[in-house]
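The values are calculated or read from the model by the stated rules, or taken from the named source; none is laboratory data. This structure is a prediction, so every number in the text was calculated from the model and none was measured. Cβ: placed from backbone, ideal geometry, glycine included. Neighbour counts: every protein chain shown. Just so you know, the surface numbers come from the protein's heavy atoms only, side chains and all, with ligands and any DNA or RNA stripped out. Shrake-Rupley method; radii C 1.70, N 1.55, O 1.52, S 1.80 Å.
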Amino acid sequence: MDDMDRTILGLLSADARMSVATLARRLKVARSTVQARLERLEASGIIAGYTLKLGEAARAARIRATILLTIEPRAQAAILSRLKSVPEVEVAHTTSGRFDLLLQVAAPSTAALDEVLDRIGLLTGVKSSESLIHLSTRIDRAV
């Protein structure tokens, strides 16, 4: 990956709907050059897909939280399998340190979030959990 590839990724991160023609104009290269680079980035798995990012107006209708889980040894696979069936779980990361899993969840209300937290806390193999309610987003550079 070179500087042009990184520039393409940066432009698409800001606006995934940007056309190949617009990318080519911004980079001052031929449209075919951009198209070939996009195809290579997609084939190599660097670009996995194109998506949209919800704005604050859409996120305001949901209560979001990070849940930190400590789990029993060797329970991770079973817990992750069960978490896949919980639609409120948006993202699950394994972690190093004091906690084993970091979950990002979203629910339409505090009551619904409370119910999700209870369901997750009752999963077999969960030793403890800590919840952090998201209040506002100050920086979001997620790609």
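Structure notes:
- Checking Arg119, Arg98 one by one, the residue that is farther than 30 Å from Asp2 by Cα, in contact (Cβ under 8 Å) with a residue 12 or more places away in the chain, open to solvent by 80 Å² or more (accessible area, probe 1.4 Å) and in contact with a Ser or Thr (Cβ under 9 Å, 6 or more places away or on another chain) is Arg98 and no other.
- Filter result for Ala61 (more than 17 Å from Gly121 (Cα to Cα), in contact with a Pro (Cβ under 9 Å, 6 or more places away or on another chain), assigned to a loop (DSSP other than H, G, I, E, B) and open to solvent by 40 Å² or more (accessible area, probe 1.4 Å)): yes
- When residues of the stretch 70-95 are limited to those that are loosely packed, with under 13 Cβ neighbours inside 10 Å and hydrophobic (A, V, I, L, M, F, W, C), the one nearest to Glu56 (Cα to Cα): Val91
- Of all residues in the stretch 127-143 being in contact with a strand residue (DSSP E or B) (Cβ under 7 Å, 6 or more places away or on another chain) and open to solvent by less than 70 Å² (accessible area, probe 1.4 Å), the one that is farthest from Lys53 (Cα to Cα): Ser128
- Filter pass, Arg17 being assigned to a loop (DSSP other than H, G, I, E, B) and loosely packed, with under 13 Cβ neighbours inside 10 Å: yes
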